[in-house]
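A quick write-up on the structure given underneath.
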Amino acid sequence: MWSYLLKRILLSVLIVFLAILALFITLHSIPGDPISIALGPRATPEIQAEYAARMHLDKPLYHQFVIFIGNVIKGDLGNDLFSNRSVLLILSEQLPYTIVLAITAIGWSALIGIPLGCLSAVKPNSLLDKITGIVSVGTIAIPSFLVSIWAILIFSVGLKWLPVIGAGEPGDFGDQIYHLILPAFAVGLGWVGYLARMVRASMLEVMSENYIRSANAFGLKSRTIIFRYALKVAILPTITLIGVGFGALLSGTVFAEIIFSRPGIGKIIYNMVLARNFPVIQGAVLITIGMYVIVTLIADLIVSWLDPRVRDTL
Amino acid sequence: MNKILQTRRQLLQTIAFTGIAGVAIGKFPGIAYAADGATLKIQFERELDSLDPGYFVGGSPPCDVNWALMPALVHYGRDGGWIPSPHVESIVARDATHIDFTLRKGMMWTNGFGEVTTEDVAYSYDREAVSEWKGDYVAYDHVEIKDKYSGTIVLNQPFAPFMNTTLASGTGIIICKKAVEAAGGKFTTEQPASCGPYLISEHRPGQVLKLRSNPEWNGAKPAYENIDCLFVTESSAAALAYEAGELDIAKVSADTYARYLKDIPANSSLTVAGALQYMWMGMNTDHPKLKDIRVRQAIQHAVDASAVVQGAYSGTAEQSYGVVCPGLTGRRDKAGYSYDPTKAKALLKEAGVSGLKLTLRTLNNQERMLTAQIIQANLAAIGITVEIIPLDGGPFWDMGQEKKGDTWKELELWIMRYSSGPDPYEPFQWFVRGQVGIWNWERWSSDEFEDLFAKGVAETDTGKREAIYTRMQEIMDETGAYVYLTHEPEVFIHKSSLSPHFSPTAEMIVGAFKEA
């Protein structure tokens, strides 16, 4: 297990490095002069030169990359070019909102999707299975931004039950939960379908294994067979999927953060790309990559703990 | 097992009861809709990057915040002209280059920095004249300080728009010399001292800016004690939030405006805050395909701008006949050409051009793309094939600038929109000779145009200015390089109980908001 853990961590470090390199190259390949986009048409040559020097844009790209990596190792993500606030501080303000939204969205979708997948697998081709199939494909197929808009129109504009904008007052837990309901619903709905289909497919495969047949032959209760023996194995790919899904949601919640005017990492990346505010973009993407790698690492470790055979695959 | 089932049932019952009860009483914790209490909830379209008037980020300053917090010598009145601000006893233009002013006594800076003084005024304007926004201060020379409260602004040349486009604008804000120097000479979103009807009580970046009435303010009390400015960058989301009752005022896009004109939400009003934007299709007069003026004139006659107004803007924009926007001196009611496809075909034939293929570059948003498609169809009708090239803001704003690569050489047609200030001199500044290869992408120049531009800036007689700016637009028509399209309005939806106040450039002046 320790050898697997070490290899997996080294792999994660390599992934982070390559991702940062890819980010850096991509960011600097975006068409358009970052200085004029950031400062607008009125900026004087002196101000442009000062900006370029502050961002190290006057240095070769490889030099900028080395500076950035060096600063990251020192824990310095730089300052926002416009407000001069620490990027780390800005991101620490935004990240909790995204994490809470991602956990809530994945959480509620797992609570519904996994049992739904189990039930479908236990009674394949039944009416329940067919309805679950239709609902799953339906939720996967509907774009999340459409779900958001419909949800707003129904629950906020029509019924006036739920709020549209913001994340609630700090310190008012009830208000924050209340502002979380619609975005979490919109973000998580598609995942209900994904998880139900994944669990169903895995369960069907596992349910045809010999040890399940043996358990049936021994007369064990079907509930025990499903939840104690079959689901434990069938859930493995789902854990990986949840890990990857959670990582994807860290930046993929951007539409919900924009439509619901919530703070968050996705929204800040979107806004900062438009403003070419490189330090914040680099910091935000770095944090996202880091979180993604950590979450997938945890998911892989859980899988390897549940299924020791996986440890030999790396 | 029974025990477990009971517990689960009890849990479900509890959840259901809580939900129903919550819905029934409509009072989940912390919910407060816009109409509640004395807090006005308004939409801010963008996050605050900097409140320092010398270092505003990007193309437009956050005037709506600064005007609520900071002193100025003049403000915009409800008719769009300038009025003395609450911070001055008097302000009078003595002659074309001298403006005398006297500050009100006892206007106190926050944080113990004393009174607003003439020295603060001089410091603010001197600083502005060398800042990123020094373009607004080209005519400013210095402030003569007479005493603590009075002085004279001295201009280096007569400059008719000085009051409206400089002093009343976002760059006319006065800052506290002592406080700014103590803060290191520069600040961002935390003002070292303010003096206005409101104070910032809380700023949660990306979420909300809370303004609360300033207890030390000794000017007229604002109508609303509390204003929450919610950052909603997406206009459709703002409209939905307004309809859900979470905002009292929100800016609406052209398509939403069209929808509201047919079916406006209950107890709501629409206010057009201005139409100081001018959109046109430009042509590169240096491009070999467009070098012949008859080809350019053919294109002018082929495009039906009224179809753009209807098709791309649902009839909500005003048709444009020049770069001077509605309500300003020099605004025309017809251009030097008209929609005439027959004449367009004849001009092409006369030029010996057939099978012409052109590219049309535009920003990739809904209205511009629709506009491009209408133009494409118009030009197809006279035998010109147009390829539309949609672009992101980055490459779009660089493409005509010589310093930003060679795209300017390939430019043929493009759809452009600029914003104007409240004075007609502003749009013309982008088309003078010095702007060729910078913002004059059409790449023409004219001695007469240069001469008239200088005269227009210095002229104070409205009739003479009208004649100057009309002639300047005729010169632009004669280049054949422009097809004027629309003046897009800035529209706000708000509660009928609210009487909002806007600058001519459609920024909210929240300190002057009142109940209708």
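The values are calculated or read from the model by the stated rules, or taken from the named source; none is laboratory data. Just so you know, these numbers come straight off a predicted model, no measurement behind them. Methodologically, a virtual Cβ is constructed for each residue, glycine included, from the backbone with ideal geometry; neighbour enumeration extends over all protein chains shown. Keep in mind that these areas ignore ligands, DNA and RNA; they rest on the heavy atoms of the full protein, side chains included. Shrake-Rupley method; radii C 1.70, N 1.55, O 1.52, S 1.80 Å.
The table for this structure:
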{"read-out": "All positions within segment B:372-416 that are surrounded by fewer than 21 Cβ atoms within 10 Å (Cβ to Cβ), at pLDDT 95 or above and not aliphatic (A, V, I, L, M)", "value": "B:Q373, B:Q376, B:G383, B:T385, B:E387, B:E412"}
{"read-out": "Breaking point among (1) assigned to a strand (DSSP E or B); (2) at pLDDT 95 or above; (3) closer than 26 Å to B:L328 by Cβ, for B:A93", "value": "(2)"}
{"read-out": "Breaking point among (1) open to solvent by 20 Å² or more (accessible area, probe 1.4 Å); (2) at pLDDT below 75; (3) on the phi < 0 side of the Ramachandran plot, for A:G32", "value": "(3)"}
{"read-out": "Residues being under 11 Å from A:I265 (Cβ atoms), in contact (Cβ under 8 Å) with a residue 12 or more places away in the chain and either surrounded by 21 or more Cβ atoms within 10 Å (Cβ to Cβ) or under 16 Å from the mean Cα position of the chain (by Cα) (or both) - total across segment A:80-99", "value": "7"}
{"read-out": "Set B:D248, B:D292: member being farther than 23 Å from B:A344 by Cβ, open to solvent by less than 50 Å² (accessible area, probe 1.4 Å) and modelled with pLDDT of 95 or more", "value": "B:D248"}
{"read-out": "Which numbered condition A:I259 fails, given (1) of a type in the set (V, I, T); (2) away from chain B (no Cβ under 14 Å); (3) buried (at least 21 other Cβ atoms within 10 Å of the Cβ)", "value": "(2)"}
{"read-out": "Criterion: at positive phi and charged (D, E, K, R) - qualifying residue of B:R368, B:R443, B:R361", "value": "B:R443"}
{"read-out": "Residue satisfying condition, being at pLDDT below 75 and either surrounded by 21 or more Cβ atoms within 10 Å (Cβ to Cβ) or at positive phi (or both), within set B:G54, B:G80, B:G37", "value": "B:G37"}
{"read-out": "Members of segment B:159-171 that are over 16 Å from the mean Cα position of the chain (by Cα) and either within 21 Å of B:D64 (Cβ to Cβ) or polar (S, T, N, Q) (or both)", "value": "B:M163, B:L167"}
{"read-out": "Answer residue from segment B:102-138, given it is of a type in the set (S, T, N, Q) and either open to solvent by 40 Å² or more (accessible area, probe 1.4 Å) or farther than 21 Å from B:T152 by Cβ (or both) and is farthest from the other protein chains (Cβ to nearest Cβ) among those", "value": "B:T102"}
{"read-out": "Count - residues of segment B:127-141 that are in contact with a strand residue (DSSP E or B) (Cβ under 7 Å, 6 or more places away or on another chain) and within 24 Å of B:A183 (Cα to Cα)", "value": "1"}
{"read-out": "Matching residues, segment A:277-297, being polar (S, T, N, Q) and assigned to a helix (DSSP H, G or I)", "value": "A:Q282, A:T288, A:T296"}
{"read-out": "Residue in segment B:349-378 that is nearest to B:D255 (Cα to Cα), counting only those that are of a type in the set (A, V, I, L, M, F, W, C) and part of a strand (DSSP E or B)", "value": "B:L363"}
{"read-out": "Selected residue [of a type outside the set (V, I, T) and open to solvent by less than 30 Å² (accessible area, probe 1.4 Å)] from A:G219, A:G188", "value": "A:G188"}
{"read-out": "Residue within segment A:198-214 that is within 19 Å of the chain's Cα centre (by Cα), within 30 Å of A:P263 (Cα to Cα) and crowded, with 20+ Cβ neighbours inside 10 Å present", "value": "no"}
{"read-out": "Count of segment A:240-280 residues which are of a type in the set (V, I, T) and farther than 22 Å from A:G166 by Cα", "value": "3"}
{"read-out": "Residue in segment B:379-393 that is in a helix (DSSP H, G or I) and within 14 Å of chain A (Cβ to nearest Cβ) present", "value": "yes"}
{"read-out": "Segment B:295-319 - residue that is without any contact (Cβ under 8 Å) to a residue 60 or more places away in the chain and in contact with a Leu (Cβ under 9 Å, 6 or more places away or on another chain) and, of those, most open to solvent (accessible area, probe 1.4 Å)", "value": "B:G315"}
{"read-out": "Lone qualifier among A:L189, A:L195, A:L146, A:L153 - being modelled with pLDDT of 90 or more, on the phi < 0 side of the Ramachandran plot and within 14 Å of chain B (Cβ to nearest Cβ)", "value": "A:L153"}
{"read-out": "Test for A:L180: is it free of Cβ contacts under 8 Å to residues at least 40 places away in the same chain and within 13 Å of another protein chain (Cβ to nearest Cβ)", "value": "no"}
{"read-out": "Inter-residue pairs, beta-carbon under 6 Å, first at the interface with chain B (Cβ under 9 Å from one of its Cβ atoms) and crowded, with 21+ Cβ neighbours inside 10 Å and in segment A:270-284, second assigned to a helix (DSSP H, G or I) and β-branched (V, I, T), 6+ apart", "value": "A:R276/A:I37"}
{"read-out": "Some residue of segment B:394-401 being more than 12 Å from chain A (Cβ to nearest Cβ) and either touching a residue at least 12 places away in the same chain (Cβ under 8 Å) or more than 17 Å from B:W280 (Cβ to Cβ) (or both)", "value": "no"}
{"read-out": "Leading residue by the ranking (nearest to B:I382 (Cα to Cα)) among those in segment B:298-333 that are part of a loop (DSSP other than H, G, I, E, B) and of a type in the set (A, V, I, L, M, F, W, C)", "value": "B:V303"}
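Okay, residues lined up against (1) at negative phi; (2) within 23 Å of the chain's Cα centre (by Cα):
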| site | (1), (2) |
| --- | --- |
| B:S269 | yes, yes |
| B:H287 | yes, no |
| B:D304 | yes, no |
| B:V308 | yes, yes |
| B:E318 | yes, yes |
| B:G330 | no, yes |
